[in-house]
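Take a look at the structure below.
The values are calculated or read from the model by the stated rules, or taken from the named source; none is laboratory data. As the structure is a prediction and not an experimental result, all values here were calculated from the model. Here the Cβ positions follow ideal geometry from the backbone for every residue, glycine too, while neighbour counts run over all protein chains shown.
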Amino acid sequence: MSDLLRGGYVLFGVLPTGAQTLSIMLNRATVGSHREQLLRCEWFPATDSEPQMVVTMECLRQFHGLTLQGKMTTYDYYTTLEKLTDNLGLSDFQFLVKDRYKSFMRCIREWRYLKMLKRAGCGHDVDHRIGDTYPGELAVGCPACPNPKVNLPEGWEVALDGMKFLYSLFLAIDACFRLKRHLISNDAKDLGLVNGKGYFIEDAPFKAYIKNVGDQVEMSMCSGLAALDYVNTKYSKGYASTGKGLVVCARHEFVQANGVVDLQKGERYANMDYCLASASRHHHHKLRRTLSYNIMCQFYKHLHECLHKLPKMIQLRFVCQIMYVVPKLHIGGHILLCQLLFSLSFLHGAGRTDAEGIERAWANMGPVATSTRKMGPSGHHDTLEDHFGSWNWGKLVGLGHLLHRRLANALADAQEHWEELEDFTRGQEDHVEEWKQMIKDWDQWVEMHGAPPPRGQDEYAAWMTLRMQPTVPNPYEVPKSGLNEHDIHLQLAEEDHQRSKQGDMPVHDMSPSEFVLCALDLEETQRHIQRGVKNYRGQRSAKEQAALVVRRTRVLCDIENLCLVQAVYTPGALQVVKERAQEPVIDVQSGQPKLEPAELIPLFLPSALPPAHRRTCTEGIIEVEKHLRNAQCQSALDSLRAHLFVHARLKQYKHLHVRHQGVTTRTQGIMARNEKQIQLDAAKYNAARGALVGLTDGNEDEVKWHRLNTADIRCIEDDEVKGKCKANDEDSADNAVGASEVAQGESSSEGNANGEEEDMEEMVDGGKRLKSHLQQTADWLLIAAPQTAVRAKWCKAYARRERFTKEVLLLKEEMRRVLKSLEHLEKLWLTRTAAFPGDDGLSEGWRTYAYDQAAQYTCIAGAYRRLWLVKPATMTGEVFDVDEPVELEPVHEDGEENEDGEENEDGEENEDDMEEEGMEGEDVE
């Protein structure tokens, strides 16, 4: 009795309904320590010895669930408890509540860490202590990713070339600058708990490595890579960390163990190298890897060289093949060469992987950024570790529906794209085998140069040069059809430089080529003003009128300056100007000479001069204009093609997705701007062609460029037209144009099948649409390379079909791997029950928890198995056995039946079309 009296305590308790004081009696003699007695009551003590505060485990579970799901901060939750306790805030007890806030934060942090240890089974390992936990052991792994020790079949290393993609590891890398941390506290004051055992890298080795890394000056050869612009200057003043680098599995979005790193000065390569290597060490070194990064075209160049400089503990063994790609949404901002070399759409075995899932992981962590920004280093990491773990667990329990939905969609769309490829192939049979061989050769070249390069500097430089300059033709690339304006500019500038070196100096400070270039630039400015004045609707405001006057004034000044140089190179132009001034246009109303707007004043280049005056031009000036006018025609056509493709995609997007007024208005604005550019391109082409006709004294036969009529300005593949043709085909099969004809750009008549043009009467009511020159295979707009343009489009259609074929096989293999991984986890927990054979209460508790964990994985696997055996209404094909591995046999090229009679199936991904169509034109800005 005396022991019970001496054990009396008054504690401060935090409950889900508020805070209160608790009077308790603790038995010091036989029941155990104070901490053990409190824990048996499900009260979590704030300290191990002589605790003055406890938090109920019910309260801890409630806050843990709210912060992981709703991203509620500790401050908001504790303030809510204060309000529940005393909403007036007038009692003395309210000040006691505020004084316990830090103690509550400490309880939360310990609770999170203990939960991570418990769920990872660290308490069930009798061979080592908690401090001996391995790096990354507390992370929730992805059950669908390949793991040779767990879920891969025997012989996976020697799979045939056509099936090696099934055992590829897809990793995505990216950085987020929202997860900053202020320069607050230090490691001595804020000791870490997890510290490399979960998702973040080990802190001490990384800091020792990063101290020796200076600023990395990286020159980008690609346009629009903002990550390189801020590689060393991402607003680092006052921050200990300017963001986080992350590695996830690209297909299932699981954050990788030891795959998160702090960024100190922007998105430096050193940090991302360390992050990638640290995460990769947990995967088998023989697994083929596909690495995705939004700046991969620059990042991969020195990747192997940099990885060899990392600490020994995380250095990679380069046995595996590495494929480098850019995520599908980001690749549109890269130049054309990058789009061809780093596209997931053209990578053998990538399926429908888009590699954009890492952005969803960042979006989930975004709301946590504000509450963690002013934490200490370890508290900041431990909080993020908990949220990353919750994200991974959510992905694990949702994998069943995710994979099932993906497979159903892939199978449902496969037949449609199979038919589209067959339609496109009609009329191209003579070239199909050649194009298939090109695709095969290209895939082999990519596979070969995805292997690790030599270590020597010279060999490495040669490997890089070969990587950027393929020795085999790219089947998806449309070759340049001619020199554009920039090419001619460079060529003329080099010729001027050579003449200057030889002592042949120009007679004016402005060389002949510079004179013509200035005149063409001025002509382009006039064209923009004309189009703006013509298309303007309504009354201009005073501000708009002033802007127009300023632009016209500048043009007048430029024309005056141009006339001074014309006196040197084209003196006949001054005579024409003088003659024109003597015959002014009279205004009917005022009877005075009418002032001509600046944009309508002719510049009188050699092409606009009469033959007699043209003979007075300086030698060579006519040839310069002829070269530049040809280049203008080529550039205008390239730009026109690209904007017409954009026009078709915008129409399809508006038709399928735009419903509300606000979105409709924005979409119409985008389409209007694109339409304006189409008009400018057409006007530029016609002006350049007209100038060329003038230089030949009106003989159009000497000009290779055809006349561009308004009816010709239509896209080569308008999906809305194709959809209408299909609808009309069902209503009136005799009058409709088949979808295959639109896809191939060929007429149904025998003459057009041979590439001959045929006059057709447009019959809109009857369902027939006149195909413009742009829609014909032998279209003059594609005359520079008609067959290569069709070949590129056929190869892309073939690649779309192959993506779905590979996607179906990948999904079936991933389903099998998920079940194998869950079975492995179940067996692992069952083996842990044997480590505690005793009959005492503690051993019984250990065994009970292990059995409970094993039962959870059994239930998850059973639910997935039942879900995957149910065939949805949208799914075609036979139900497969999810426990059997995919046969290790090569995939047939044309989707013909395999030995088991199952037909390969494929399909299309919505965002792929827009990406591929954008590659038809020049570099994407």
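Going through segment 294-333 one residue at a time, which ones are free of Cβ contacts under 8 Å to residues at least 60 places away in the same chain and basic (Lys, Arg)?
Answer for segment 294-333, where residues must be free of Cβ contacts under 8 Å to residues at least 60 places away in the same chain and basic (Lys, Arg): 309, 312, 317.
From the list 669, 694, 662, which one is out of contact with any Ser or Thr (no Cβ under 8 Å at 6 or more places or on another chain), assigned by TED's automatic domain parsing to the domain that holds residue 617 and modelled with pLDDT of 70 or more?
On the way: 694 fails: out of contact with any Ser or Thr (no Cβ under 8 Å at 6 or more places or on another chain); 662 fails: modelled with pLDDT of 70 or more.
After ruling out the rest, the residue left standing is 669.
Identify, please: which residue in segment 354-381 is among the hydrophobic types (A, V, I, L, M, F, W, C) and not in a helix (DSSP H, G or I) and is, among those, nearest to residue 238 (Cα to Cα)?
Just the residues of segment 354-381 that are among the hydrophobic types (A, V, I, L, M, F, W, C), to begin with: 355, 358, 361-363, 365, 368-369, 375.
Okay, now just the ones that are also not in a helix (DSSP H, G or I), so 355, 375.
Working: 355: 33, 375: 14 Å.
That would be 375.
In segment 254-277, what residues are at negative phi and either in contact with a Pro (Cβ under 8 Å, 6 or more places away or on another chain) or outside the structural domain of residue 388 (by TED's automatic domain parsing) (or both)?
257
This table checks each residue for (1) touching a residue at least 60 places away in the same chain (Cβ under 8 Å); (2) surrounded by 14 or more Cβ atoms within 10 Å (Cβ to Cβ); (3) outside any strand (DSSP E or B).
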residue: 14; (1), (2), (3): yes, yes, no
residue: 24; (1), (2), (3): no, yes, no
residue: 37; (1), (2), (3): no, yes, yes
residue: 51; (1), (2), (3): no, yes, yes
residue: 54; (1), (2), (3): no, yes, no
residue: 60; (1), (2), (3): no, yes, yes
residue: 66; (1), (2), (3): no, yes, yes
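Mind checking whether some residue in segment 829-843 is farther than 15 Å from residue 411 by Cβ, among the aliphatic types (A, V, I, L, M) and modelled with pLDDT of 95 or more? If you could, list the steps in order and put the result at the bottom.
Step one: of segment 829-843, the residues farther than 15 Å from residue 411 by Cβ are 829-843.
In the following step, the residues that additionally are among the aliphatic types (A, V, I, L, M) were identified as 830, 834-835, 842.
Checking which are modelled with pLDDT of 95 or more leaves us with none.
No, segment 829-843 has no match at all.
Could you list, in sequence order, all residues of segment 504-519 that are of a type in the set (Val, Ile, Thr) and either part of a helix (DSSP H, G or I) or at pLDDT 90 or above (or both)? Full working, then the answer.
Of all residues in segment 504-519, those of a type in the set (Val, Ile, Thr) come to 507, 516.
Passing the criteria: only 516.
From the list 149, 102, which residue is out of contact with any Gly (no Cβ under 9 Å at 6 or more places or on another chain), surrounded by fewer than 19 Cβ atoms within 10 Å (Cβ to Cβ), in a helix (DSSP H, G or I) and not polar (S, T, N, Q)? Show your work before the answer.
On the way: 149 fails: in a helix (DSSP H, G or I).
Result of the check over 149, 102: 102.
Please list, ordered by residue number, the helices (runs of 4 or more DSSP H) wholly in segment 229-337 having 2 or more residues that are within 20 Å of residue 144 (Cα to Cα) and either modelled with pLDDT of 90 or more or not β-branched (Val, Ile, Thr) (or both). I'd like the intermediate steps shown before the answer.
On the way: elements: 269-280, 296-299, 303-307.
Output list reads 269-280.
For residue 654, indicate whether it is more than 21 Å from residue 519 (Cα to Cα), at pLDDT below 85 and more than 33 Å from the chain's Cα centre (by Cα). Talk me through it step by step, then tell me what you get.
Working: more than 21 Å from residue 519 (Cα to Cα): yes; at pLDDT below 85: yes; more than 33 Å from the chain's Cα centre (by Cα): no.
In short, no.
If residue 890 satisfies every condition in (1) at pLDDT 60 or above; (2) in contact with a Leu (Cβ under 6 Å, 6 or more places away or on another chain) but one, which is the exception?
It is condition (1) that residue 890 fails.
Among (1) in contact with a strand residue (DSSP E or B) (Cβ under 6 Å, 6 or more places away or on another chain); (2) surrounded by 21 or more Cβ atoms within 10 Å (Cβ to Cβ), there is one condition residue 240 misses while meeting the rest; what is its number?
(2)
Is it the case that some residue within segment 405-417 is outside the structural domain of residue 108 (by TED's automatic domain parsing) and closer than 18 Å to residue 792 by Cα?
Yes: one or more hits.
Return the only residue of 363, 350, 355 being over 24 Å from residue 822 (Cβ atoms) and without any contact (Cβ under 8 Å) to a residue 40 or more places away in the chain. It would help to see each step written out before you state the result.
On the way: 350 fails: without any contact (Cβ under 8 Å) to a residue 40 or more places away in the chain; 355 fails: without any contact (Cβ under 8 Å) to a residue 40 or more places away in the chain.
Going through 363, 350, 355 in turn, just one is over 24 Å from residue 822 (Cβ atoms) and without any contact (Cβ under 8 Å) to a residue 40 or more places away in the chain: 363.
Between 925, 905, which is modelled with pLDDT under 50, assigned to a loop (DSSP other than H, G, I, E, B), buried (at least 19 other Cβ atoms within 10 Å of the Cβ) and not hydroxyl-bearing (Ser, Thr, Tyr)?
Unique residue meeting the criteria: 905.
What residue, among those in segment 269-308 that are of a type in the set (D, E, K, R) and out of contact with any Asp or Glu (no Cβ under 8 Å at 6 or more places or on another chain), is surrounded by the fewest Cβ atoms within 10 Å (Cβ to Cβ)?
Looking at residues that are of a type in the set (D, E, K, R) and out of contact with any Asp or Glu (no Cβ under 8 Å at 6 or more places or on another chain), I get 305.
Would you check if residue 243 is touching a residue at least 40 places away in the same chain (Cβ under 8 Å), small (Gly, Ala, Ser) and in contact with a Lys or Arg (Cβ under 7 Å, 6 or more places away or on another chain)? Lay out the reasoning, then the answer.
Numbers: touching a residue at least 40 places away in the same chain (Cβ under 8 Å): yes; small (Gly, Ala, Ser): yes; in contact with a Lys or Arg (Cβ under 7 Å, 6 or more places away or on another chain): yes.
So residue 243 passes the test.
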